[in-house]
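*Asks:* One structure is given below, represented as structure tokens, and several questions about it will come after.
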């Protein structure tokens, strides 16, 4: 249970028992407000784009996909060579379609490897199963995915191949989170998709593909992958980029470089969209060290990111007071007072603010510590008090997390 008394000033914690029933009623109401709140569902970024693949005529799509006028078909051998598939490895062909690349990868991984053809259409998967049997390709498996998940098992994939399919991801954050979990450390994601450039790309591409290369790359790196190389010369209508899952198991998918976490996609009590929380930061830190309250906020957002959720799926506020008050000072004030050239907290504060986190400082603590408002870093609002912030936020349904 949330302890209302912990948000009070220490001198008030010995309040007469007559006030306790009021506190209990207040806290209970806050808890009910929080737990009864509906959790928002992600919305498709391109509704209807996969309608034609729900029950496709495979023969018609084979004629469309496996034809020399299609760039990725005409250059399929060069593309496969660039992928550097190793014998004995496991390849996931995401959006396998008619199985063009699935069959090519099958020959490269050999008898000791396997290729997993992933698609939302069982028609395509049945076609791949049939052609694989006819060709004697015994290392091919099929997997029916969901709109928001690849459904691949965690830690099983060496190379994921996404060819002209990423723009069909209706829920890219969740889909890429599931793929990140499925990749082995060091595993590679090979992305091919249409160049979408205003005034250059075709009218069909501009209308069909929701965004350009920069947007797709940002979405993929946000899920934890690192861009390692690009081939700008092989394709003209498409681009070819290679990403890699870091060897380290710790990731920072939402707040890059801060609050590293270990993704646990199969664990219980995953982050929920719609949650609200207020951090009560009072803990001291050495002048050259980031305040642990900020680190915990970054960790929380990275946990959301690793689960396929956005920073906007959780409302986060943090208020500084006590010994943590100095964390919000400007670089100039910080250097003057502590001899540290820069305030190490400000970079993280800015990243958290960009992610939607509400960062505040207690006006009473500033006065008590002798920090004038002019020394507060620009863009950090001064609250009347930490007490009122914590009371108001809990009244609005925020869970309370102390950082003492």
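The values are calculated or read from the model by the stated rules, or taken from the named source; none is laboratory data. No experiment lies behind these values; they were computed from the predicted model shown. FYI the Cβ positions are ideal-geometry reconstructions off the backbone, even for glycines, and counts take in every protein chain you see.
*Asks:* With the requirement that a residue be surrounded by fewer than 24 Cβ atoms within 10 Å (Cβ to Cβ) and part of a helix (DSSP H, G or I), what does segment 125-142 give you?
*Replies:* 125, 126, 127, 129, 130, 131, 132, 133, 134, 135, listed by residue number.
*Asks:* Within the group 80, 91, which residue is touching a helix residue (DSSP H, G or I) at 6+ places or on another chain (Cβ under 8 Å), part of a strand (DSSP E or B) and closer than 25 Å to residue 233 by Cα?
*Replies:* Exactly one residue qualifies, and that residue is 91.
One line per residue, one yes/no per condition, for (1) within 31 Å of the chain's Cα centre (by Cα); (2) farther than 23 Å from residue 244 by Cβ; (3) not assigned by TED's automatic domain parsing to the domain that holds residue 229:
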position: 88; (1), (2), (3): yes, no, no
position: 107; (1), (2), (3): no, yes, no
position: 114; (1), (2), (3): yes, no, no
position: 124; (1), (2), (3): yes, yes, no
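*Asks:* Let me ask something else about it. Quick check: anything in segment 265-287 in a loop (DSSP other than H, G, I, E, B), in contact with a strand residue (DSSP E or B) (Cβ under 6 Å, 6 or more places away or on another chain) and not assigned by TED's automatic domain parsing to the domain that holds residue 76?
*Replies:* Yes: one or more hits.
*Asks:* Cβ-Cβ below 9 Å, separation at least six or inter-chain, first residue in segment 195-218 and at pLDDT 90 or above, second assigned to a loop (DSSP other than H, G, I, E, B) and exposed (fewer than 11 other Cβ atoms within 10 Å of the Cβ): which pairs?
*Replies:* Pairs that qualify, where the first residue is at pLDDT 90 or above and the partner is assigned to a loop (DSSP other than H, G, I, E, B) and exposed (fewer than 11 other Cβ atoms within 10 Å of the Cβ), are 195/236; 206/198; 212/198.
*Asks:* Here's a follow-up. Right, residue 55: surrounded by fewer than 16 Cβ atoms within 10 Å (Cβ to Cβ) and free of Cβ contacts under 8 Å to residues at least 24 places away in the same chain or not?
*Replies:* Against the criterion (surrounded by fewer than 16 Cβ atoms within 10 Å (Cβ to Cβ) and free of Cβ contacts under 8 Å to residues at least 24 places away in the same chain), residue 55 does not qualify.
*Asks:* While we're on this one: Being buried (at least 22 other Cβ atoms within 10 Å of the Cβ) and either outside the structural domain of residue 303 (by TED's automatic domain parsing) or part of a helix (DSSP H, G or I) (or both) narrows it down to one residue among 189, 200; which is it?
*Replies:* Numbers: 200 fails: buried (at least 22 other Cβ atoms within 10 Å of the Cβ).
That would be 189, the only listed residue that is buried (at least 22 other Cβ atoms within 10 Å of the Cβ) and either outside the structural domain of residue 303 (by TED's automatic domain parsing) or part of a helix (DSSP H, G or I) (or both).
*Asks:* When segment 355-395 is examined, which residues are found to be assigned to a loop (DSSP other than H, G, I, E, B), under 24 Å from residue 311 (Cβ atoms) and in contact with a helix residue (DSSP H, G or I) (Cβ under 8 Å, 6 or more places away or on another chain)? Can you show your working first?
*Replies:* Initially, segment 355-395 is screened for residues assigned to a loop (DSSP other than H, G, I, E, B), giving 355-357, 370-372, 377-381, 384-385.
Subset that is under 24 Å from residue 311 (Cβ atoms): 355-357, 377-381.
Selection gives 355, 356, 357, 377, 379, 380.
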